[in-house]
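Colleague: Have a look at this one before I ask anything.
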Amino acid sequence: MASLVCPKTPSLSSSSSLSSTTPFLRPSIFFFRPKSSSYSRLPTVRAKIREIFMPALSSTMTEGKIVSWIKSEGDTLSKGESVVVVESDKADMDVETFYDGILAAIVVNEGETAPVGSPIGLLAETEEEVAEAKAKAASQSTGAPAASAPKLQDSAPVPTPAPVPAPAQTVTTAPTTPGKVVATPYAKKLAKQHKVDINKIVGTGPFGRITPEDVEKAAGITTTPKSNVAVPAAAAPSSPPKAAASFPEIPGSSVVPFTSMQAAVSKNMVESLSVPTFRVGYPVGTDALDALYEKVKPKGVTMTALLAKAAAMALVQHPVVNATCKDGKSFAYNGNINIAVAVAINGGLITPVLQDADKLDLYLLSQKWKELVEKARAKQLQPHEYNSGTFTLSNLGMFGVDRFDAILPPGQGAIMAVGASKPTVSADKDGFFSVKNKMLVNVTADHRIIYGADLAAFLQTFSKIVENPENLTM
């Protein structure tokens with residue numbers, strides 16, 4: 001059965017599902033009629049009870065949490081109507097139904113989580129099917145514990161029966177019979193060596209062939225029995241699996257599970273450790289930028305928008321810094337410059353994306369940024385508004401942080417960490433000292449595709465744009 005619900009985004013779609021009692025029919029059956037007039041009537045396909053599946057709201061989402069059910073059991077639904085609010089790893093999204101019907105049963109309650117693709121509710125077409133849907137929901141909820149019972153039995157240690165010793169094999173001698181003796185060459189050699197009458201030995205080999213072991217037994221020589229089955233050597237006592245580092249419990253502490261967003265951030269940070277990165281720092285003068293900011297601030301322009309615009313203009317000249325390497329074997333030059341900007345929100349971190357930041361003027365960019373921040377804090381961002389970044393900007397300068405390193409997000413080539421602008425004593429080429437405002441910019445980059453010279457050239461261009469910011473307002 002296919003999903004009945006979809007988030008309000010054009011990127012996701014769904015298709016109708018068949019009843020469990022209706023056989024699958026190829027689409028061609030519905031479009032072509034046999035030429036013979038004696039064809040049998042085709043069965044009518046009608047979905048009676050449909051499952052509402054947990055949708056995938058982002059490429060990294062593996063499970064979702066039910067924030068709230070907009071509709072209750074027994075409510076009549078119309079196509080396109082919002083049914084449930086789902087919390088993904090990045091945002092809360094309303095999910096709507098593709099079909100008319102009755103919300104017969106809620107399988108996953110508010111506050112509970114479910115894997116992507118698992119049923120969270122059942123939709124019936126008529127009142128008569130509601131009872132059947134409720135029974136089906138009850139069987140699904142009770143089926144999980146029952147299925148886990150055999151696993152518990154399997155995990156119980158099974159007593160190993162004591163090995164039964166094989167009966168001692170007795171060597172039987174046979175009277176001498178005329179005819180050729182069938183024995184291996186080595187068996188004949190051993191018989192001669194130990195002075196054993198080979199004619200009196202009954203062979204245990206194929207077709208009565210006398211083997212060296214038969215000769216040794218007849219001679220009374222005790223040997224270690226050979227086996228065709230390889231017996232593994234006694235395994236050394238295996239060390240127990242390495243347990244997670246245990247820390248002393250602090251009185252009064254409490255354990256708080258990750259939210260979906262925190263779990264996604266944790267997963268991305270661990271994943272980024274597999275990328276070889278390096279960091280380059282560069283001091284940038286900000287006197288001219290500070291003066292421009294004071295002029296445009298009353299018009300709603302933020303410092304973040306100024307920095308994003310400057311970064312986008314520099315990336316136009318250095319496309320390799322905007323590139324992406326995902327498989328370790330090739331990389332892609334991105335056709336768009338989408339600046340993702342890190343934003344701290346309640347319960348996590350998200351990176352709204354300023355798409356085509358190089359093509360938008362400063363004022364439109366600032367307006368777009370304001371809208372994205374509001375949606376991010378309300379957890380209403382659409383997937384394309386937070387997962388389409390090609391370069392990330394993180395600005396902690398507003399908190400007075402003078403320098404820091406940022407962790408490279410998976411799927412991007414570089415991330416820029418911007419510190420606070422502070423008065424700095426510097427000397428010019430003539431040896432005269434002066435005090436100028438400077439900020440330290442650190443860039444973390446994927447060393448598989450971006451090299452030190454690439455990053456140095458990019459930072460020089462970025463510095464020139466910031467120190468001469470007239471072009472930012474064009």
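The values are calculated or read from the model by the stated rules, or taken from the named source; none is laboratory data. What you see is a predicted model, and the numbers here were worked out from it, not measured in a lab. Methodologically, a virtual Cβ is constructed for each residue, glycine included, from the backbone with ideal geometry; neighbour enumeration extends over all protein chains shown. Surface accessibility is based on the protein's heavy atoms, side chains included, excluding ligands, DNA and RNA. Shrake-Rupley method; radii C 1.70, N 1.55, O 1.52, S 1.80 Å.
Colleague: Which one of these is modelled with pLDDT under 75, of a type in the set (D, E) and surrounded by 12 or more Cβ atoms within 10 Å (Cβ to Cβ): D100, D154, D89?
Modeller: When all the criteria are applied, what remains is D89.
Colleague: Within the range 344-351, identify whether any single residue is under 24 Å from the mean Cα position of the chain (by Cα), touching a residue at least 12 places away in the same chain (Cβ under 8 Å), over 15 Å from I415 (Cα atoms) and assigned to a loop (DSSP other than H, G, I, E, B), and answer yes or no.
Modeller: Within the range 344-351 (the criterion being under 24 Å from the mean Cα position of the chain (by Cα), touching a residue at least 12 places away in the same chain (Cβ under 8 Å), over 15 Å from I415 (Cα atoms) and assigned to a loop (DSSP other than H, G, I, E, B)), the answer is yes, since at least one residue qualifies.
Colleague: At least 2 residues that are modelled with pLDDT of 90 or more and open to solvent by less than 80 Å² (accessible area, probe 1.4 Å) in each: list the strands (runs of 3 or more DSSP E) lying fully within the range 359-474 that qualify. I'd like the intermediate steps shown before the answer.
Modeller: On the way: elements: 391-395, 414-418, 422-427, 433-446.
Those strands (runs of 3 or more DSSP E) span 391-395, 414-418, 433-446.
Colleague: Of the residues in the range 68-86, how many are in a strand (DSSP E or B) and surrounded by fewer than 17 Cβ atoms within 10 Å (Cβ to Cβ)?
Modeller: Taking the range 68-86 first, the residues in a strand (DSSP E or B) are 68-69, 76-77, 82-86.
Imposing the further condition that a residue be surrounded by fewer than 17 Cβ atoms within 10 Å (Cβ to Cβ) reduces the set to 68, 76, 82.
Residues flagged as in a strand (DSSP E or B) and surrounded by fewer than 17 Cβ atoms within 10 Å (Cβ to Cβ) within the range 68-86 amount to 3.
Colleague: What number of residues within the range 342-352 satisfy the criterion of being hydrophobic (A, V, I, L, M, F, W, C) and in contact with a helix residue (DSSP H, G or I) (Cβ under 6 Å, 6 or more places away or on another chain)? Walk me through how you get there before you give the answer.
Modeller: Residues of the range 342-352 hydrophobic (A, V, I, L, M, F, W, C): 342-345, 349-350.
Checking which are in contact with a helix residue (DSSP H, G or I) (Cβ under 6 Å, 6 or more places away or on another chain) leaves us with 343, 345, 349-350.
Going through the range 342-352 one residue at a time, the tally reaches 4.
Colleague: Collect the residues in the range 326-341 that are in contact with a helix residue (DSSP H, G or I) (Cβ under 8 Å, 6 or more places away or on another chain) and part of a loop (DSSP other than H, G, I, E, B), keeping them in residue-number order.
Modeller: Taking the range 326-341 first, the residues in contact with a helix residue (DSSP H, G or I) (Cβ under 8 Å, 6 or more places away or on another chain) are 333-334, 337, 339, 341.
Correct list: Y333, N334, I337.
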